[in-house]
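Step one of this worksheet: look at the structure below.
All of the numbers you see were taken from the coordinates with simple rules; none came from a lab. Fair warning: this is a prediction, and the values are worked out from it, not measured in the lab. Every residue, glycine as well, gets a Cβ built from its backbone with ideal geometry; the counts of neighbours run over all protein chains shown.
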Amino acid sequence: MARAIWSGSISFGLLNVPVRFYSAVARRNIALREIRESDSARIKHRRVAEGTDEEVPYEEIVKAYEVTPGRYVPLTKDEMGALAPEKTRAIEVLDFVDIEEIDPMYFDSPYYLGPAEGAEKAYSLLAAAMEASGKAAIARFVFRNKEHLAAIRAANGVLTLTTMRFADEVVPSSELDDVLPQKKPKVAKKEQEMAEQLIESLSTEFEPTSYRDEYREQLLGLIESKAEGKEIVAPDTEEPTPTKAPDLMAALEQSIAAVKGRKEPAAKDGAAKEKSSSSSKKRKSAPKSSKSKAKSKSSGRAKAKSK
């Protein structure tokens, strides 16, 4: 059973919907330990006071802000909890917007929102109304000692919340002036048309299950091989060569041809399967035809005898 990691209320207008917060992400990272190479002894990280070898117990550690080098303002959990206590359990809806208007750069981590006990009807009402409107709610709330901006959406009767970055946390592209070309290179119309054609030929409907973490699979395979005592030899790799400006058209044409070549065999296989299926259906229907003919002949002979 899913475990709630936070509880509070979605608040907008005079409506308060008690909800519980659930993680929507299952991390699939491979846990690698740190060991000493010579004898495989585990490496442990200890919390020690600076300038000493004394380990500090976790309960004695507090958060602090460094105002000047070496001078700190310590903050206890109670003191931080006293800061804007009315915000600590409320997801305050500020606006409703079209989700397409939000640049994906602002999205951070996704969560599920489930109804608290006794709030099932209010939760279902809010989910149905939001789904019908097609809008996302922009809200703010305090979670893990930080105020978050968030987008709440509804799909199939379920509310999801995705934390967002505030505007001052997103680096504007104007700060890349020393990285981006000072003068925009001129792009030929034919080159752009070819690039658009390549994009179109590679376009498809988004299907999340068709993408796999291939690096993770290879790493697991490497671990398994090494555990079996097999020798691991790293293959020679080369960095991709950047396409030079004069070669852009040739590269685009070759790319489009390669995509077409990849799609044609699949189309032929589909047509062959359809033809095979059609032939199979015809073969299956043939015996019925011969049986009916035999029955007709038998019926004819019976009639002749009676005459």
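Within the range 173-214, the residues that satisfy the criterion of being more than 23 Å from Lys260 (Cα to Cα), under 31 Å from the mean Cα position of the chain (by Cα) and either assigned to a loop (DSSP other than H, G, I, E, B) or in contact (Cβ under 8 Å) with a residue 60 or more places away in the chain (or both) are Asp177, Val179, Leu180, Arg212, Asp213. Figure legend. Inter-residue proximity from the range 8-22: first residues among the charged types (D, E, K, R), second residues part of a loop (DSSP other than H, G, I, E, B), beta-carbon distance below 6 Å, spacing 6+ or different chains. Indicated pairs: Arg20/Ala4; Arg20/Ala116. Of the residues examined, Ala154 is not one that is buried (at least 18 other Cβ atoms within 10 Å of the Cβ) and in contact with a strand residue (DSSP E or B) (Cβ under 6 Å, 6 or more places away or on another chain). The single residue among Val48, Val17 that is more than 23 Å from Asn145 (Cβ to Cβ) and touching a Phe, Trp or Tyr at 6+ places or on another chain (Cβ under 7 Å) turns out to be Val17. Residues in the range 40-80 that are part of a loop (DSSP other than H, G, I, E, B), of a type outside the set (A, V, I, L, M, F, W, C) and farther than 30 Å from Tyr215 by Cβ: Arg46, Arg47, Glu50, Gly51, Thr52, Asp53, Glu54, Pro57, Pro69, Gly70, Thr76.
Within the range 181-211, how many residues are surrounded by 10 or more Cβ atoms within 10 Å (Cβ to Cβ) and not small (Gly, Ala, Ser)? Don't jump to the end; show me each part of the working.
Our first condition is that a residue be surrounded by 10 or more Cβ atoms within 10 Å (Cβ to Cβ); within the range 181-211, this holds for 187-188, 190-198, 200-202.
Filter once more, so that each one left must be not small (Gly, Ala, Ser): 187, 190-194, 196-198, 200, 202.
Here the count works out to 11.
Of the residues Asp78, Asp53, which is acidic (Asp, Glu) and within 30 Å of Pro115 (Cα to Cα)? Spell out how you get there, then give the answer.
Working: Asp53 fails: within 30 Å of Pro115 (Cα to Cα).
The unique qualifying residue is Asp78.
When Pro74 is tested against (1) of a type outside the set (D, E, K, R); (2) closer than 22 Å to Ser9 by Cβ; (3) surrounded by fewer than 14 Cβ atoms within 10 Å (Cβ to Cβ), just one condition goes unmet, and that condition is (2). Inside the range 53-112, residues that are in contact (Cβ under 8 Å) with a residue 24 or more places away in the chain and among the hydroxyl-bearing types (Ser, Thr, Tyr) make up a count of 5. Filtered by the rule that a residue be closer than 21 Å to Gly13 by Cβ and either aromatic (Phe, Trp, Tyr) or in a strand (DSSP E or B) (or both), the range 121-146 gives Tyr123, Lys135, Ala136, Ala137, Ile138, Ala139, Arg140, Phe141, Val142.
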